[in-house]
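*Asks:* First the structure, which I've put down as structure tokens, then a few questions once you've had a look.
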């Protein structure tokens, strides 16, 4: 875990106004450009060229390779496990502006969950409004996830830009359905979400190099790429350390690459051998639909409900 002092001393360029906007609206667009990234030692053109040379990922993450429910959407090109494929992506993970914003949403105890790329194809890319994490139980609960989107192309309504609903991370805590798939929402929630999309969603636009910081409790969704113009975006998901990483970075980044990383990168990527408990949790998650695991989880829930009653006697 990195100290609060570390985040206070970050050499970032984020303004107080940008942080306030993020807190109030659940997202903020950091208007950055190629010079900003070049000064950070990153060439976005080289990144885009590298991504164009590797094959489309067939599954959401290597960790989900045995789960047919996790197959990629047909209308988009995706690449996963980016840090494990090229060392340059580790530099995005510790970008000071991104870390400062994530710290303001989650606090100081977080790790990178995954780093991927998505590009909607012409005529595709539409996603229903959703959150990337189950809704908080109450408005006083802590926010646990934040995602940074780094745009490798200009983006607007014509090529599938992201839609967001400002302030929805705080104002719609009573909406518990969070899936982009309408059939997975409750009927009452679906009515509210579709009304939000029609009346309150905002389609973002901007230029290559911009960074969108999104509190993932903010309702958002991809739009249709009508023009077919390139709209590649990197997205880095950060989670509170108490949550399971979507991708176990320790398992998927080559050891020789890990050995060359600095302590901050290792801490953010959580490059430490998983404990037996962490391995067990990951196994249970990836086999959660198998009868034996379903049974075990039901027993666990029953025991945890029973224990407080037993000790209260």
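Where a number appears in this text, it was derived from the coordinates with a stated rule and is not lab data. Keep in mind that what you see is a predicted model, and the values were worked out from it rather than measured. As a convention, Cβ positions derive from the backbone with ideal geometry for all residues, glycine included, and neighbour counts pool all protein chains shown.
*Asks:* Rule-of-thumb check for region 118-197: C-alpha Rg over 2.2 N^0.38 Å?
*Replies:* 1.21
*Asks:* List the relative contact order of region 147-276 as a percent without decimals, with contacts defined as Cα pairs under 8 Å and 6+ residues apart.
*Replies:* 41
*Asks:* Could I ask something else about it? Defining a contact as two alpha carbons under 8 Å apart and six or more residues distant in sequence, what relative contact order in percent does the chain show?
*Replies:* Worked out over the chain, it gives 26 percent.
*Asks:* In nanometres, what is the gap between the two model label sites at residue 54 and residue 122, each 7 Å from Cα along Cα-to-Cβ?
*Replies:* Between residue 54 and residue 122, the label points sit 2.7 nm apart.
*Asks:* Taking neighbour Cβ counts within 10 Å as the exposure measure, how do 115, 88, 261 sort from fewest upward?
*Replies:* Going from least to most buried by this count: 88, 261, 115.
*Asks:* What is the Cα centroid distance between region 1-26 and region 74-141, reported in whole angstrom?
*Replies:* If we compute the Cα centre of each part, the gap is 17 Å.
*Asks:* Starting with the fewest neighbours, write out 264, 28, 14 ranked by other beta-carbon atoms found within 10 Å of each beta-carbon.
*Replies:* Fewest-to-most ranking of 264, 28, 14: 264, 14, 28.
*Asks:* Taking Cα extents along the principal axes in Å as the quantity of interest, determine which of [x] 53, 45, 39; [y] 66, 52, 44; [z] 65, 50, 40 was computed from the displayed structure.
*Replies:* [z]
*Asks:* Now a separate question. Taking other Cβ within 10 Å of each residue's Cβ, how do 268, 292, 213 sort, fewest first?
*Replies:* 292, 268, 213
*Asks:* If I model a spin label as a point 7 Å beyond the Cα along the Cα-Cβ vector, how far apart are those points for residue 109 and residue 292 in nm?
*Replies:* 3.4
*Asks:* Hey, for a label at residue 87 modelled as a point 7 Å past Cα toward Cβ, could you say which residues of region 238-258 have their backbone N under 15 Å away?
*Replies:* Residues passing the 15 Å test: 253-258.
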